[in-house]
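Asker: Got a structure for you, questions after.
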Amino acid sequence: MSVLPDRRRLGRWALNGAAGLAFLYILIPLIFVTWLSVYAQEIPSYPPEGYSLRWYGAGIANDRFLSAFWTSTQVGVIATLIGLVVALPAALALNRYKLFLGGAISNLLLMPLIVPGIVLGFALYVFQVETEIATGLPIIGSFWGIVFGHVLLVIPWTVRLILASLAGFDRTLEEAAQNLGADRLTTFRRVTVPSILPGIVAGCLFGFVSSFGNLEVSLFLVAPGQTTLPIAILQYLEWRIDPSVAAVSVMQIAVIAVALLVTDRFVKISRVV
Amino acid sequence: MARLELNALTKRYGDFHAARDVSLDVPEGEFLVLLGPSGCGKTTTLRMVAGFVEPTAGSISIGGTDVTRLPPWKRNTGLVFQNYALFPHMTVAENVAFGLEMRKLSKAETAEKVKGALDLVQLGHLADRYPRQMSGGQQQRVALARALVFRPDVLLLDEPLSNLDAKLRQEVRIEIRALQQRLGITAVMVTHDQEEALTMSDRLVVMSEGQVRQVGTQRELYETPASRFVAGFVGRSSFLEGELRDGRLVTQGGLALETPKPVHGKVTAALRPERIAVSAEPPAEGTNVFPGTVELVSYMGGLIDLHVRLSPSDVVVAQVTNQGGGTLPATGDRVYLSLGSPAVFPASDPHARGH
């Protein structure tokens, strides 16, 4: 270190400092939410009067939060699975064939990421109302109505990340498998899927997280009494602002963080994202 | 292990012929090498045999069975890829076992054969490694074991040595050849490296522009090249261009060469560098002796290349052995070259047959 000229040392300090500030900027909300969740008093005010874990207990004991958590989990898991079933063939086709309007299709699949959530939610609402009027099927406010809305949130992630994996996939591996006696399906199962697994897992994980945390789209699609976790939190905040909301948020963050870490342990998703 | 026959095999992409009328007969146990510059159709031909490219016309038969319309997985060929194409998510043993698994062998039999194949390439001790933990040469041998373990009818090698460094290439070259002979397996290899082609093959096929230009043993191709192209591609040649005048080939620079056979019109003479005798004094006898000036000396240890200018427009390369002791030829030296009798080809078309 000491052999570095002063200007280069200065540059290194500046770079490290900037990186540190950026990290802090990202982490501050998390830090504050976590801090708030262990306040002892009911009305958040500074300085805290003491610390307690009772809000975690209150959060878990709250039936609304609990049932909303299950709804969110079910919607997220099912929407992610459907999103994967749609995205995998789409990504394969986009990667392998020179499709007519291939670029346009690829962008269209990313649309839900670009269109503001509130617009997407409203559009879906109108679409479902019109469809219900036209067909007489009970769509509005149904569980499957929300799920199909959330599929749109999942697809951009799964398509993008599977495409990224496919871009790094050497197709001579497929030829090698076929040369060794594997038909197309066996080749896909034994060679292609394991090779792009990091992209599939990462896509599902991010898709699930974006469904799980979504508020704007869900707001338009839920039925009274049936809520997802973000909506339950919002509704709770309309009446009270005690730290149990913070505690629930921290638990939500923890669940997602653990999911990320555990998957990364088995599938190196850090190679894709 | 079987005879491989290609019958008027053609692959067309629009107007472009990637391969045109390729007919080859590879007897059981032969090592055939397809040699040619890139884009000559050798890889397309190999991929048609493996089943990855569907021929536009013609047929392929392996061991007397027509496989032209069979998918790759029903052909029983073992292909070694240029980049090895080992499955990165499988261990070495799993890679080698893949072909046996597809053939539904029992676990015990698979394990035994995998071990045998890995021992064959001296990698038995690395069975549990992953490909990324191995050197290029080791990966190459795993690829070879994987292609051989299920006893394919034909072993196909697509530039298998091009990713190895020079020293390793020599070793693996000998290893592959020894293995092929020991197993008595029919093999077809594609390469653009003529040294590789010369040292490994029983017979060579020289290709260009999608067509077979000449088929023969190394010696046949070297001694009696069919065209100017083959003379330039198999071994080295210096070319002198000229026109027939009074029964001799007269170059633009005014050299008049005796040719072994009467020739007509514009022709090209091909001279092998090592067949040109170099002397400081005019030799007592010899055909086509010309004086010249050494322009460039390229010292390669045992051999020395001399670029000698015979006239303002004619330069030939002569190769002499390094005898040691005496003085070496130097740039600017005056020397006499005995060219011997050259092979002569029509000048108009590099693929035209010689006289």
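Asker: Based on alpha-carbon positions alone, could you give the equivalent ellipsoid semi-axes of chain B from the gyration tensor, as √(5λ), descending, whole Å? All intermediate terms of the calculation are to be shown ahead of the outcome.
Answerer: Details: eigenvalues 428, 129, 41 Å².
Equivalent ellipsoid of chain B: 46, 25, 14 Å, largest first.
Asker: Note the direction-averaged projected area, equal to a quarter of the hull surface, for the Cα convex hull of the range B:198-355, in nm². Could the numbers behind the result be given before it?
Answerer: Working: hull surface 41.6 nm².
The orientation-averaged projected area of the Cα hull of the range B:198-355 comes to 10.4 nm².
Asker: For the range A:159-273, treating each Cα as an identical point scatterer without solvent, what Debye log10 I(q)/I(0) comes out at q = 0.15, 0.17, 0.19, 0.21 1/Å?
Answerer: Log10 of I(q)/I(0), two decimals: -0.79, -0.89, -1.00, -1.10.
Asker: Just to be sure I follow the definition: excluding the sites themselves, where is the longest run in chain B that has none of the trypsin sites (Lys or Arg not before Pro) in a DSSP loop with at most 11 other Cβ atoms within 10 Å? Show your work: numbers first, answer last.
Answerer: Numbers: sites that count: B:ARG69, B:LYS104.
For trypsin sites (Lys or Arg not before Pro) (loop position, at most 11 other Cβ atoms within 10 Å), the longest site-free span of chain B is B:105-355.
Asker: Rounded to the nearest angstrom and ordered from largest down, what semi-axes does the equivalent ellipsoid of the range B:294-355 get from its C-alpha gyration tensor (root of 5λ)? Could you put the intermediate results ahead of the total?
Answerer: Details: eigenvalues 157, 39, 21 Å².
Over the Cα atoms of the range B:294-355, the ellipsoid semi-axes are 28, 14, 10 Å.
Asker: Mind checking the per residue accessible area of chain A for me, 1.4 Å probe, whole number of Å²? Mind dumping the intermediate values first?
Answerer: Working: 15540 Å² over 273 residues.
Averaged over the residues of chain A, the accessible area is 57 Å².
Asker: I'd like the projected area of the range A:98-178, averaged over all directions, using the convex hull of its alpha carbons. Report it in nm² with one decimal. Write out the running numbers ahead of the final one.
Answerer: Numbers: hull surface 32.5 nm².
If you wrap the Cα atoms of the range A:98-178 in a convex hull and average its projections, you get 8.1 nm².
Asker: Please work out the ratio of the alpha-carbon Rg of the range B:52-124 to 2.2 N^0.38 Å and round it to two decimals.
Answerer: My calculation over the Cα atoms of the range B:52-124 gives 1.35.
Asker: Using the alpha-carbon centroid of each, what span in Å lies between the range B:157-190 and the range A:76-94?
Answerer: Using only Cα atoms to place each centre, the spacing works out to 44 Å.
Asker: Take the eigenvalues of the Cα gyration tensor for the range A:1-128, scale each by 5, and report the square roots as semi-axes in whole Å, largest first.
Answerer: Numbers: eigenvalues 317, 242, 39 Å².
They are 40, 35, 14 Å, listed largest first.
Asker: Next question, about the same structure. Could you sort the residues of the range B:68-83 by number and keep only those whose accessible area is reduced by 10 Å² or more in the all-protein-chain setting relative to the chain alone, 1.4 Å probe?
Answerer: Listed by number, the residues meeting the 10 Å² cut-off are B:PRO72, B:TRP73, B:THR77, B:LEU79, B:PHE81, B:ASN83.
Asker: Report the longest stretch of chain B that contains none of the GluC sites (Glu not before Pro) sitting in a DSSP loop with at most 15 other Cβ atoms within 10 Å.
Answerer: B:29-284
Asker: Would you mind telling me the share, in percent, of accessible area of the range B:247-355 contributed by carbon and sulfur at probe 1.4 angstrom?
Answerer: Details: 3050 of 5670 Å².
Here carbon and sulfur together make up 54 percent of the probe-accessible area.
Asker: Report, in whole Å, the centroid distance computed from the Cα atoms of the range B:85-126 and the range A:153-191.
Answerer: The range B:85-126 and the range A:153-191 have Cα centres spaced 22 Å from each other.
Asker: Counting only DSSP beta bridges with both residues in the protein assembly as shown, what percent are antiparallel, rounded to the nearest 5?
Answerer: Working: 60 of 78 bridges.
The antiparallel proportion sits near 75 percent.
Asker: Another question, then. Using alpha-carbon positions, what is the distance between the centroids of the range A:205-273 and the range B:298-355, in Å?
Answerer: With the range A:205-273 and the range B:298-355 each reduced to a Cα centre, they are spaced 80 Å.
Asker: Give or take rounding to whole Å, what are the principal axis extents of the alpha carbon atoms in the range A:63-272, in descending order?
Answerer: That works out to 65, 44, 26 Å along the principal axes.
Asker: OK, next. State the percentage of accessible surface on the range A:63-272 attributable to carbon and sulfur atoms; use a 1.4 Å probe and exclude ligands, DNA and RNA.
Answerer: Details: 7430 of 10480 Å².
Solvent-exposed carbon and sulfur of the range A:63-272 make up 71 percent of the total.
Asker: Total accessible area buried between chains A and B, 1.4 Å probe, in Å² to the nearest 100? Please report the intermediate quantities before stating the final value.
Answerer: Working: alone 16470 and 16950 Å², together 31640 Å².
So the buried area, both faces added, is about 1800 Å².
Asker: Consider just the alpha-carbon atoms of the protein assembly as shown and return their Rg together with their Dmax, both in angstrom.
Answerer: 36.3, 118
Asker: Counting only heavy atoms of the protein chains, get the accessible area per residue of chain B (1.4 Å probe) and round it to a whole Å² value.
Answerer: Values: 16100 Å² over 355 residues.
Normalised by residue count, the accessible surface of chain B is 45 Å².
Asker: While we're on this one: Out of the range A:81-174, which trypsin sites (Lys or Arg not before Pro) are coil in DSSP terms and have no more than 15 other C-beta atoms within 10 Å?
Answerer: Numbers: sites: A:ARG96, A:LYS98, A:ARG160, A:ARG171; in loops: A:LYS98, A:ARG171.
Filter output for the range A:81-174: A:LYS98, A:ARG171.
The values are calculated or read from the model by the stated rules, or taken from the named source; none is laboratory data. A quick note: this is a predicted structure, and the numbers were derived from the prediction, not measured. In this analysis, Cβ positions are derived from the backbone assuming ideal geometry, glycine residues included, and neighbour counts consider all displayed protein chains. Heavy atoms of the whole protein, side chains included, go into the accessibility calculation; ligands, DNA and RNA do not. Shrake-Rupley method; radii C 1.70, N 1.55, O 1.52, S 1.80 Å.
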